Amino acid sequence: MNPADFMKSLTPFVLEAGQRIMRIYKSVPTFELKNDGSPVTQADKESEDIIALGLRKIAPNIEVISEENVLSHGKRPAERFFLVDPLDGTKEFINKNGEGNFTINIALIENGSPIMGIVYAPALKKYFHGCISHGAWELSNGSDKRIHTSPHISNKIVAVASRSHIDKETKQWLTDNKVKETISIGSSLKFCLVANGEADVYPRFSPTMEWDTAAGDAILRSAGGIVKTANDTVFVYGKKKYLNGPFIAWGKPLLHR
C-alpha cells in the first residue's frame, strides 16, 4: 500500500478516535501524571487503542512508535515506521479554554523523512492531511480543499508559536528576525497554519518529541514548506529517544534564506 492509500484508509479510525475524545471532553476529564511529569487522560488511552487497531489492520508489518506506548520508545527506528500522538495538546484538552486546540497526529516516516501526515482537531472539526508528491488538504465542514503555503514573500513575516511552551530562545529569534505579528496556538496546528498560508514560519526551541511534530511536518512539506534545524541542516526523524532539537518550519523555502 502506498502512502496516499494509508492516508485514505486511516480516516475512519481517526474520525472514530476524535468522536471518543470529544465524548470525554464534554464530560469532566481527569488525568494522571506520567513518569516525565506530563499529563495523560482517558482520552489519550482510548484514542491510542483505536488508532493502534487501525494501523494493525492496514499496515501490520510497519513498526509503530507512539507516545502512549512506552515500550515502543526503546525500539530502533526501521527504514519505514509510523509516529503517533493519539492526543497532542493534552494540557489544552484538560484546561478546556474553549479554543479546542488539541489534535490527533499520525505520520509515516521513510528514510528519516515524514512522507505522510494526518492532523485532526476534533473540537474544531478540522482535518488536515498530506502526502509528499500528492499534496496537502484541509477537510472542514464536509469540503476537502487543497492547501498551499503562502505565495507571498514580503518583509512582513507572520509567525506562529506555542501557547504553552514559549521560551526566551524563541522570543529572541522572533526579535532578531523582526517578526512583528505572532499567532499563539497549541498542538500540531501550528504546522497546519503555516501549511495553509495563515502564517509564514514556526520557530521552536523548547523540547518536543518526534510524535509531536512529524504529522504536521509532513503536511507542511506536502503543501510546499520546509523544516530545518536551527543550524539550517536537514531535520530528520528516528533520532535517539525520538527527541527533537530546535527547528524552524518555513512556509516558503526562499524565506529561510
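Under 9 Å between Cβ atoms, at least 6 apart or on separate chains: pull out the pairs that start in segment 2-31 with a residue that is closer than 28 Å to residue 95 by Cβ and of a type in the set (A, V, I, L, M, F, W, C) and end on any residue that is open to solvent by 30 Å² or more (accessible area, probe 1.4 Å) and modelled with pLDDT under 90.
31/94
Restricting the search to segment 194-214, which residues are part of a strand (DSSP E or B) and either farther than 21 Å from residue 82 by Cα or open to solvent by 30 Å² or more (accessible area, probe 1.4 Å) (or both)? First the steps, then the outcome.
To start, the set of residues in segment 194-214 that are part of a strand (DSSP E or B) comprises 201-204, 208-209.
Passing the criteria: 201, 202, 203, 204, 209.
Looking at 51, 58 in this structure, which one is within 21 Å of residue 1 (Cβ to Cβ), of a type outside the set (S, T, N, Q) and touching a Ser or Thr at 6+ places or on another chain (Cβ under 7 Å)?
Of 51, 58, the one residue that is within 21 Å of residue 1 (Cβ to Cβ), of a type outside the set (S, T, N, Q) and touching a Ser or Thr at 6+ places or on another chain (Cβ under 7 Å) is 58.
Can you tell me which residue within segment 170-193, out of those that are of a type in the set (D, E, K, R), in a helix (DSSP H, G or I) and open to solvent by 50 Å² or more (accessible area, probe 1.4 Å), is nearest to residue 93 (Cα to Cα)? I'd like the intermediate steps shown before the answer.
Kept after step one, since they are of a type in the set (D, E, K, R), are these residues of segment 170-193: 171, 176, 178, 180-181, 190.
Checking which are in a helix (DSSP H, G or I) leaves us with 171, 176, 190.
Cutting the leftovers down to open to solvent by 50 Å² or more (accessible area, probe 1.4 Å) gives us 171, 176.
Details: 171: 25, 176: 33 Å.
Looking at the filtered set, the residue picked out is 171.
Can you spot a residue in segment 136-155 that is hydrophobic (A, V, I, L, M, F, W, C), free of Cβ contacts under 8 Å to residues at least 40 places away in the same chain and over 30 Å from residue 178 (Cβ atoms)?
Yes.
For every residue, the table says whether it meets (1) modelled with pLDDT under 95; (2) within 19 Å of residue 215 (Cα to Cα); (3) not β-branched (Val, Ile, Thr).
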| site | (1), (2), (3) |
| --- | --- |
| 1 | yes, yes, yes |
| 8 | yes, yes, yes |
| 13 | no, yes, yes |
| 20 | no, no, yes |
| 60 | no, no, yes |
| 85 | no, yes, yes |
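Residue-wise test of (1) open to solvent by 60 Å² or more (accessible area, probe 1.4 Å); (2) at pLDDT 95 or above.
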{"site": "66", "(1), (2)": "no, yes"}
{"site": "93", "(1), (2)": "no, no"}
{"site": "96", "(1), (2)": "yes, no"}
{"site": "114", "(1), (2)": "no, yes"}
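From the list 21, 51, pick out the single residue that is open to solvent by less than 30 Å² (accessible area, probe 1.4 Å) and more than 16 Å from the chain's Cα centre (by Cα).
Just a single option satisfies the conditions, and that option is 21.
The values are calculated or read from the model by the stated rules, or taken from the named source; none is laboratory data. If you're wondering where the values come from, they're calculated on a predicted model, not measured in any experiment. All Cβ positions, glycine included, derive from the backbone under ideal geometry; neighbour counts span all protein chains shown. Keep in mind that these areas ignore ligands, DNA and RNA; they rest on the heavy atoms of the full protein, side chains included. Shrake-Rupley method; radii C 1.70, N 1.55, O 1.52, S 1.80 Å.
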